[in-house]
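Q: The structure is given below, and queries will be raised subsequently.
Every number here is computed from the coordinates shown, using simple stated rules; none is lab data. Predicted model only: the values in this text are computed from it and were never measured. FYI the Cβ positions are ideal-geometry reconstructions off the backbone, even for glycines, and counts take in every protein chain you see.
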Amino acid sequence: MSARTKRVQLAAGIVGAITAVTLALSTSPASASGTYSGRAYVYGGGDWVGDWGDEGILSTSTNTSSNATCLWQKILWADLAIETDGTTFDASDIDGHFGSNTKAATKDWQNRHHLDDDGSVGKDTFGKAGTYLEDHYDPGDTAVDTYMGTWDNFSVSRDSDGRYHFEDGDGNARIAGYDYLTCT
């Protein structure tokens, strides 16, 4: 084997390795799970306190269109329902799509709760929101809670599988999943 052939094979190997690394790094994470808990839905179990401290990321680039995003928007509506960066966040914004209005409202919410206001919802933001759940009924491993917002309150429930349920902006019952969008 000539030196030139060896150099060509080495170069081809390097290009192949670089391509594989680039593809691996550019592949987005699966949207079918909470980033931290690994579950496909907003989850809780046992005592409701601290249920949301290990939830996945919601942002303009992660779990962007999902029922989990819809639940977050319902939280924003209950707490803000005011003008945020020149736009109003109200029930019509509860659509499950994490766009610029949801990002701006999230930054406002984070700022009001003394969190890093990066506009994405992660462990700290979801965890802080979970501290505003008020337990009303807990028969075993299920729970009916109320999210106590500044402007309004809304009911959430947790089924025997630990999945959180809520009503979307139109009052339709939903499960807060990361891998699907049925909110309206």
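Q: When you count, for each residue, the other Cβ atoms within 10 Å and take the mean per peptide, how do 117-129, 52-64 rank with the highest first?
A: Values: 117-129: 19.3, 52-64: 20.8.
The densest-packed peptide leads the list: 52-64, 117-129.
Q: Rg and Dmax of segment 38-78 over Cα atoms: what are they, in angstrom?
A: Expressed in Å, the Cα Rg and Dmax of segment 38-78 come to 10.9, 32.
Q: Further question: Using the basic label-point model (7 angstrom from Cα toward the beta carbon), what is the residue 60 to residue 90 distance in nanometres?
A: 2.4 nm
Q: Now for a different question. Would you please give the residues with an amide H less than 5 Å from that of residue 154, counting only those at least 5 places away or on a separate chain, with H modeled from the backbone geometry?
A: Long-range HN contacts for residue 154: 147, 149.
Q: A further question on this structure: Calculate the spin-label point distance for residue 100 paired with residue 114, positioning each point 7 Å from the Cα along the beta-carbon direction, and give it in nanometres.
A: Placing both labels 7 Å beyond Cα along the Cβ direction yields 3.3 nm.
Q: Hey, can you rank 149-157, 171-179 by average C-beta count inside 10 Å, highest first? Please report the intermediate quantities before stating the final value.
A: Working: 149-157: 15.0, 171-179: 17.8.
In decreasing order of mean packing, 149-157, 171-179 become 171-179, 149-157.
Q: Along the three principal axes, how long is segment 51-175 when you take its alpha carbons, biggest first, rounded to the nearest angstrom?
A: Ordered largest first, segment 51-175 gives principal extents of 44, 28, 25 Å.
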